[in-house]
């Protein structure tokens with residue numbers, strides 16, 4: 001089973017109108033901490049992960065995630 005190593009790109013989803021993973025940002029590891037101001041997208045990211053788990057992403061969203069082993073998933 002592959003794990004998500006990064007969220008390479010998010011378009012048209014909540015506060016993430018045009019998000020691209022910054023080259024200087026490290027990939028996800030076994031444990032990660034996501035923090036930020038209110039309304040900055042933390043809950044939205046948790047919903048993206050839950051949607052990936054259920055294979056049911058929002059229709060209008062354009063999401064690309066990097067997977068362990070070098071692959072990627074685009075929805």
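Convex hull volume of the C-alpha atoms in the chain, normalised per residue: 98 Å³.
Could you sort the peptides 39-45, 24-30 by per-residue average Cβ neighbour count (10 Å cutoff), highest mean leading? Mind showing how you got there, number by number?
Working: 39-45: 14.0, 24-30: 9.0.
By packing density, highest mean first, the sequence is 39-45, 24-30.
Here, each number is a calculation from the coordinates, and none is a lab measurement. For clarity, every value in this text was computed on a predicted model and none was experimentally measured. Every residue, glycine as well, gets a Cβ built from its backbone with ideal geometry; the counts of neighbours run over all protein chains shown.
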